[in-house]
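Chemist: One structure follows; several queries about it will come next.
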Amino acid sequence: MSLSNHERGSEVKSSGRFNFSGLALFAALLLLWEFSSRFTPAIQPYFPPASRVIHSLFQPSLARELFGHLLDTLGRFLGGYFLAAAMAVSLGIILGYFRFAYSLLEVVIELLRPMPSVAIIPVAILLLGIGNSMMVAVTVYACAWPILINTIDGVRNIDRTLIDTGRTFGLGRWKILRRIALPAAAPYIVTGLRISLSIALILVTTSEMVVGGSGLGFFILDEERSLHTSNMYAGIVVVALLGYALNRLFIAVETKAMAWHRGLTARGML
Amino acid sequence: MTWSRESKLNGFLVLLSVMAAWELVSRTEMLNPLFFPPMSKILRSFFSLVFSGEILAQILSSMRRAAAGYLLAALVCIPLGIIMGLFNSVYRALEVVIETARPLPPPVVVPVAMLFFGLGDGMKVFVIFFSCLWPILLNTMDGVRNIDRVLIHTARTFGLSQGRAILKVILPAASPQIMTGLRISLAITLILVVISEMVGSSDGIGYFILDSQRRLKVDQMYAGMLSLALLGYLLNQLFLLFSNTFLSWHRGMLRSDK
């Protein structure tokens with residue numbers, strides 16, 4: 001049995017120095033976009049000048065509309081993500097701690113896990129209709145996997161000595177779980193939570209596109225279909241900002257919450 | 001055969017009882033059989049779809065798109081990642097553009113791709129390409145950056161040219177992490193092919209599943225999901241086989257280190 005898909009992905013650290021060449025290339029690309037669009041009116045319907053996108057982003061009526069969609073998307077994201085985290089971490093601890101419980105669910109897990117999670121959308125539409133609960137449910141399902149697998153992995157990789165020490169000092173089951181198992185598995189759980197962050201955004205926007213109604217995913221697809229392309233690009237800018245902000249927020253919380261852990265590893269010593 | 005409390009048999013027993021319970025609640029109409037058709041009916045429609053070749057045709061058109069986008073991403077990103085890992089100035093120049101585009105959830109690229117490529121294969125290939133970029137690019141770059149300096153200096157001492165050093169030293173040394181990127185991207189590829197087929201397509205397995213739901217052919221929908229799960233499992237196993245063969249030298253080295 002191999003559960004080891006502890007995929008860390010890579011985190012690229014920016015040096016924090018002022019990146020002149022990077023900003024220059026970014027500005028050059030923006031200018032290229034602006035002028036290639038301005039001088040070839042034929043492609044403007046698909047590719048409006050950057051300035052027009054920025055202009056439409058700051059139009060009060062559109063900004064209000066975008067803000068409403070942003071709130072819808074954010075609400076679904078938060079509901080799905082936190083529900084998934086609560087459920088998957090608790091289930092993962094049980095499955096990691098009790099081999100018998102894991103053996104019961106192993107086959108079902110191995111059967112469902114390789115299925116791309118977006119395929120659950122049609123089932124969710126069928127069972128829950130096309131409202132918020134369907135989008136949240138789909139997000140919960142998809143986000144739960146990385147968190148669950150990583151939590152199981154993390155609990156399994158706890159040094160036995162830690163638990164035995166706890167026992168020697170007379171800690172009860174519950175105390176061992178809270179004071180030893182959970183902190184020891186935390187780095188793995190955090191990895192799962194980080195992977196799920198981007199998955200949640202993928203599932204929310206996709207389900208908004210498929211069922212429509214509201215949300216940034218719906219807005220972007222809808223503006224594309226009615227050929228309001230500068231609005232579409234404005235929506236994409238907002239989604240990108242949302243993704244960026246969530247990522248930053250996650251890193252900030254992680255740095256704070258896991259500071260004790262960094263102090264324990266070799267990285268902290270150098 | 002000895003039965004232990006933690007045997008794998010448990011899992012199969014649970015699976016069988018879930019399937020039996022499904023069959024029962026559907027047949028007795030405790031749950032609406034329109035939404036939960038009996039398990040036997042799902043399996044029957046799965047096999048008939050497989051043997052009639054319909055599922056295979058859908059999977060084939062999905063896989064064609066998936067393979068094109070995935071391989072394109074690998075062909076572009078592995079060389080680019082090596083260059084970015086070796087030359088910090090190149091990385092710095094691209095950093096802002098990458099950090100701006102990366103937080104974009106890939107599904108929102110679908111409408112843009114539809115504008116430029118229409119509803120054809122080009123749109124899906126582009127979406128898959130775009131979403132596979134980041135894991136491969138960043139892992140390759142990370143892998144190259146983490147190469148032991150001694151290795152590169154040794155290559156230089158022995159008079160290897162830049163090109164040969166990349167081919168003979170840097171690429172192999174970074175390959176474990178390149179493989180990690182490729183593996184993450186494989187899962188992403190499957191997700192995005194299904195998404196792009198759900199949003200804008202008239203064939204492929206993603207379209208098939210959503211379309212079956214819309215026409216209330218629920219047994220076909222579940223059968224499609226089952227084949228998608230099998231496909232995902234198969235692709236993952238194939239990838240593991242490939243990376244185990246490809247990286248067997250690396251694992252051998254790890255073992256001798258211990």
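Chemist: Looking for something within 25 Å of B:V218 (Cβ to Cβ) and without any contact (Cβ under 8 Å) to a residue 12 or more places away in the chain - is there at least one such residue anywhere in the range A:199-216?
Modeler: Looking for residues that are within 25 Å of B:V218 (Cβ to Cβ) and without any contact (Cβ under 8 Å) to a residue 12 or more places away in the chain, one finds none in the range A:199-216, hence no.
Here is a yes/no grid of residues against (1) of a type outside the set (V, I, T); (2) over 17 Å from the mean Cα position of the chain (by Cα); (3) open to solvent by less than 60 Å² (accessible area, probe 1.4 Å); (4) within 14 Å of chain B (Cβ to nearest Cβ):
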| residue | (1), (2), (3), (4) |
| --- | --- |
| A:R167 | yes, yes, no, no |
| A:R194 | yes, no, yes, yes |
| A:I220 | no, yes, yes, yes |
| A:H228 | yes, yes, no, yes |
| A:V238 | no, no, yes, yes |
| A:H261 | yes, yes, yes, no |
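Chemist: Check off (1) under 17 Å from A:L70 (Cβ atoms); (2) polar (S, T, N, Q); (3) touching a Ser or Thr at 6+ places or on another chain (Cβ under 8 Å) for A:S214 and give me the number that stays unchecked.
Modeler: Of everything listed in (1) under 17 Å from A:L70 (Cβ atoms); (2) polar (S, T, N, Q); (3) touching a Ser or Thr at 6+ places or on another chain (Cβ under 8 Å), A:S214 misses just condition (3).
Chemist: Just to confirm my filter: which helices (runs of 4 or more DSSP H) fall fully inside the range A:39-114 and include at least 3 residues that are under 26 Å from the mean Cα position of the chain (by Cα)? Can you show your working first?
Modeler: Working: elements: A:50-57, A:60-97, A:99-112.
The qualifying helices (runs of 4 or more DSSP H) are A:60-97, A:99-112.
Chemist: I want to confirm something. Restricting to the range B:68-92 and keeping residues that are without any contact (Cβ under 8 Å) to a residue 60 or more places away in the chain and farther than 14 Å from B:L137 by Cβ, which single residue is surrounded by the most Cβ atoms within 10 Å (Cβ to Cβ)?
Modeler: Result: B:R92.
Chemist: When only residues in the range B:197-240 that are surrounded by 20 or more Cβ atoms within 10 Å (Cβ to Cβ) and outside any helix (DSSP H, G or I) count, which is modelled with the highest pLDDT?
Modeler: Top of the filtered list is B:G204.
Chemist: Test of understanding: among A:I125, A:I120, A:I147, which residue is more than 12 Å from chain B (Cβ to nearest Cβ), closer than 24 Å to A:T205 by Cα, in contact with a helix residue (DSSP H, G or I) (Cβ under 8 Å, 6 or more places away or on another chain) and buried (at least 18 other Cβ atoms within 10 Å of the Cβ)?
Modeler: A:I147
Chemist: While we're on this one: I'd like to verify a number: residues in the range B:98-109 that are aliphatic (A, V, I, L, M) and more than 7 Å from chain A (Cβ to nearest Cβ), how many?
Modeler: The qualifying residues number 3.
Chemist: Now a separate question. I want to confirm something. Restricting to the range A:1-45 and keeping residues that are within 30 Å of B:N236 (Cα to Cα) and open to solvent by less than 60 Å² (accessible area, probe 1.4 Å), which single residue is modelled with the highest pLDDT?
Modeler: A:V12
Chemist: For residues that are touching a residue at least 60 places away in the same chain (Cβ under 8 Å) and either of a type in the set (S, T, N, Q) or crowded, with 19+ Cβ neighbours inside 10 Å (or both), scanning just the range A:48-61, find the one that is farthest from A:T139 (Cα to Cα).
Modeler: Among residues in the range A:48-61 that are touching a residue at least 60 places away in the same chain (Cβ under 8 Å) and either of a type in the set (S, T, N, Q) or crowded, with 19+ Cβ neighbours inside 10 Å (or both), the one farthest from A:T139 (Cα to Cα) is A:P48.
The values are calculated or read from the model by the stated rules, or taken from the named source; none is laboratory data. All values derive from a computational prediction rather than experimental measurement. In this analysis, Cβ positions are derived from the backbone assuming ideal geometry, glycine residues included, and neighbour counts consider all displayed protein chains. All accessible areas refer to the heavy atoms of the entire protein, side chains included, with ligands and DNA or RNA removed. Shrake-Rupley method; radii C 1.70, N 1.55, O 1.52, S 1.80 Å.
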